[in-house]
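To start, the structure itself, in structure tokens.
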Amino acid sequence: MEWKEPAPLTAVLILTAVTLVCLLPFVGKAVHIDDPLYIWTARQIQSHPLDFYGFDVNWEKHKLPMAKNATNPPLAAYYLAAIGSALGWSERSLHVGFLWPAVASIIGTYFLAGRLCAHPFAAALATIAMPVFLVSSTSLMCDTMMVAWWVWTVLLWLRGLEQGSAVKLALAGLLIGVCALTKYFGACLVPLLLVYSAVAHRRIGRWLIFLVVPLLMLASYQWLTQRLYGEGQLHHIADFSLHYRVGGGLISKAFAGLAFSGGCNFLCLAALPLMWGRKGVVAALAGVAAIACLAVGLKTLGAFSVSEAGHVKWLSVAQIALFICGGAALLVLAAMDALRRKDAASVLLLLWTAGTFLFACGVNWTVAGRNILPMAPAAAVLVIRRLEMKQPAGGPDNMRYLWCPLGVSLAVGMLAAWGDYCLAGSARTAAEAMRQALGSRASVIGFEGHWGFQYYMEQFGAKPLDRDDLRLVSNEMIVVPLANSFLFPLPQDRVEPVSEYRAQAAKWVAIMSVPAGAGYYSDGWGPAPFIFGSAPPDQYFVFRVK
């Protein structure tokens, strides 16, 4: 089937429809991972709009001011507060409101890709098909919103430079600050656009003034949070990143970064035969075999144990090796594009891709799909540029073969998003089961663990245990979710086991599973964003205080 680029208005309508069709099935998704922090902050903003972190929360085994728990700025929570005020605080209402950042990301990618390649509609569709876009866009966190600001900022900056428009450059500088106040990674736009502009103009120009605007905005935010909470949030997040890291050593981090880059941007693997031909496929298969053997020799990759009971987990190992090759192929693709084209656009894409990779592996406290997400639009454009470069003069359009890789990547992404949907729902189901089973048997119910499980347990009156102030009441019931965060041992002389409950998420795709090697939200759980195969159910242990 021939590839036809539609007119801009038609393209915008089609892309909006495709994005909504892909994401609407997940609007009933349960509150998940760090969603509660955003919801609680939004509710605080609703009642105290100028004191966004003015409350305490038990999120890391003990109660702390929210300013100590927050690892992202509050702009997304302000948007969430507006949605909650207008549509209500149900999961469905909040997720419907968060469809806008996803649509804005894709439309922005379409217009930006129009300046970077000849098939912007294909690049935007490719971004939708990236698993990382589909999974991240079903959350209530700040990541997809940050990407929306990011692509529109780059678009405005490129247009402002080309047209010499101070208005567009000033607006782009303002949007960099907005992007950074949505998620701190947005501040990386300053060095990215600085280098791009210097390469494009071969000199430093008046445009440099507009890159000072976001720095002033961040300095103001630092001053405000210092006044409000006794410590500037930029200092807090820097200290957090320096002192709290998970996922193993340098080799484990490098493998995880490559595996997340390849798995989250699966189109780079699906389109590999089109981009590199038979030699590329053979090289990739050889790389998969070599990496799998190396992983077996290492025995562990971070928290993931390669073997169990003397048997190698070949299904997980093979997928991790495949994802690592995909990540390496993406970085090679970006480097080769820059070496062959030698223009400012190729430098932009290389720094965008490699910078995101290095930040996720070396700067951030963990490698996660959320941290790889900003790479997705650049990866999509790089794939399209590679196919355009291979186009023979006067020959058939290579783009007509893109439909199959797009379909494969979209299928992988939808399955991963469905697995994450089921994982979120299993915590909600478990909390409801605990309410029904224990509500009539105990006057006090405590629990460990956080994420969405905490959100739903607190909704029916259970209390999170504070490790520093562990007040156990006689006959109190305590629920401990084994597959959760910030767990700590209970005093064995004070508690006795009562029962065990199991909640099954998706049976054949693991999103957060140490045995499977999957850790979409943190490589502290595994070196791959997701793993297809048998996924064990989550276990919940119930104890009674003697």
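Condition (residue is within 25 Å of Ala270 (Cβ to Cβ), touching a Ser or Thr at 6+ places or on another chain (Cβ under 9 Å) and of a type outside the set (Lys, Arg)) applied to the range 86-104: is it met by at least one residue? Talk me through it step by step, then tell me what you get.
Filtering the range 86-104 for residues within 25 Å of Ala270 (Cβ to Cβ) gives 102-103.
Still in the running and touching a Ser or Thr at 6+ places or on another chain (Cβ under 9 Å): 102-103.
Next, only the ones that are of a type outside the set (Lys, Arg) stay: 102-103.
Yes: one or more hits.
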Any chance Ile324 is under 20 Å from the mean Cα position of the chain (by Cα), under 28 Å from Ala187 (Cα atoms) and not basic (Lys, Arg) | yes
Identity of the residue in the range 500-546, touching a residue at least 60 places away in the same chain (Cβ under 8 Å) and of a type in the set (Lys, Arg), that ends up farthest from Val412 (Cα to Cα) = Lys546
Being more than 21 Å from the chain's Cα centre (by Cα) and at pLDDT 85 or above, is that true of even one residue in the range 240-263?
-> no
Can you name the helices (runs of 4 or more DSSP H) wholly within the range 85-203 that have at least 1 residues being closer than 25 Å to Pro49 by Cα?
-> 91-97, 99-113, 143-163, 166-180
Every residue from the range 522-544 that is under 21 Å from Ala368 (Cβ atoms) and buried (at least 24 other Cβ atoms within 10 Å of the Cβ) = Asp523, Trp525, Gly526, Pro527, Ala528, Pro529, Phe530, Ile531, Ala535
From the options Ala427, Ala431, Ala417, Ala411, residue that is within 14 Å of Leu267 (Cα to Cα), at pLDDT 90 or above and either surrounded by 16 or more Cβ atoms within 10 Å (Cβ to Cβ) or of a type in the set (A, V, I, L, M, F, W, C) (or both) = Ala411
Selection count where residues are out of contact with any helix residue (DSSP H, G or I) (no Cβ under 6 Å at 6 or more places or on another chain), farther than 17 Å from Pro120 by Cβ and outside any helix (DSSP H, G or I), scope the range 2-41 = 1
Selection count, the range 497-520, where residues are buried (at least 24 other Cβ atoms within 10 Å of the Cβ), assigned to a loop (DSSP other than H, G, I, E, B) and either at negative phi or among the aliphatic types (A, V, I, L, M) (or both) | 4
Could you tell me whether Val480 is outside any loop (DSSP other than H, G, I, E, B) and crowded, with 21+ Cβ neighbours inside 10 Å?
-> yes
From the option list Met457, Met434, Met477, single residue qualifying as closer than 18 Å to Leu37 by Cα and in contact with a strand residue (DSSP E or B) (Cβ under 9 Å, 6 or more places away or on another chain) is Met457
Report, ordered by the first and then the second residue, all pairs with beta carbons closer than 6 Å, sequence separation of six or more or different chains, a first member in the range 201-228 that is on the phi < 0 side of the Ramachandran plot, and a second member that is assigned to a helix (DSSP H, G or I) and among the polar types (S, T, N, Q).
-> Trp207/Ser197; Thr225/Gln233
Selection within the range 429-460 - under 21 Å from Lys546 (Cα atoms) and part of a loop (DSSP other than H, G, I, E, B) = Gly439, Ser440, Arg441, Ala442, Ser443, Val444, Glu448
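Please determine whether any residue of the range 261-279 is in contact with a helix residue (DSSP H, G or I) (Cβ under 9 Å, 6 or more places away or on another chain), over 27 Å from Trp525 (Cα atoms) and not in a helix (DSSP H, G or I). Please lay out each step first, then the result.
Of the residues in the range 261-279, the ones in contact with a helix residue (DSSP H, G or I) (Cβ under 9 Å, 6 or more places away or on another chain) are 261-276.
Cutting the leftovers down to over 27 Å from Trp525 (Cα atoms) gives us 271-276.
Now drop any that are not not in a helix (DSSP H, G or I), which leaves 271.
Scanning the range 261-279, I find at least one residue that is in contact with a helix residue (DSSP H, G or I) (Cβ under 9 Å, 6 or more places away or on another chain), over 27 Å from Trp525 (Cα atoms) and not in a helix (DSSP H, G or I), so the answer is yes.
Just to be sure, is Ala77 farther than 28 Å from Ile511 by Cα, in a helix (DSSP H, G or I) and not β-branched (Val, Ile, Thr)?
Numbers: farther than 28 Å from Ile511 by Cα: no; in a helix (DSSP H, G or I): yes; not β-branched (Val, Ile, Thr): yes.
Considered against the rule, which asks whether it is farther than 28 Å from Ile511 by Cα, in a helix (DSSP H, G or I) and not β-branched (Val, Ile, Thr), Ala77 comes out as no.
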Considering only the range 308-363, state which residues are touching a strand residue (DSSP E or B) at 6+ places or on another chain (Cβ under 9 Å) and among the basic types (Lys, Arg).
-> Lys313
Selection count, the range 49-76, where residues are under 23 Å from Pro464 (Cβ atoms) and without any contact (Cβ under 8 Å) to a residue 60 or more places away in the chain = 7
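Pick from Gly277, Gly287, Gly262: which is out of contact with any Asp or Glu (no Cβ under 7 Å at 6 or more places or on another chain) and buried (at least 20 other Cβ atoms within 10 Å of the Cβ)?
Working: Gly277 fails: buried (at least 20 other Cβ atoms within 10 Å of the Cβ); Gly287 fails: buried (at least 20 other Cβ atoms within 10 Å of the Cβ).
Result: Gly262 is the single residue among Gly277, Gly287, Gly262 that is out of contact with any Asp or Glu (no Cβ under 7 Å at 6 or more places or on another chain) and buried (at least 20 other Cβ atoms within 10 Å of the Cβ).
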Scanning the range 167-179 for residues that are in contact (Cβ under 8 Å) with a residue 24 or more places away in the chain and either out of contact with any Pro (no Cβ under 9 Å at 6 or more places or on another chain) or among the small types (Gly, Ala, Ser) (or both), the one surrounded by the fewest Cβ atoms within 10 Å (Cβ to Cβ) turns out to be Ala170
Sort through Ala284, Ala289 and tell me the only one that's touching a Cys at 6+ places or on another chain (Cβ under 9 Å) and within 30 Å of Val408 (Cβ to Cβ).
-> Ala284
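The values are calculated or read from the model by the stated rules, or taken from the named source; none is laboratory data. This is a predicted model, so every value here is computed, not measured. Neighbour counts run over all protein chains shown; Cβ positions are idealised from the backbone, glycine included.
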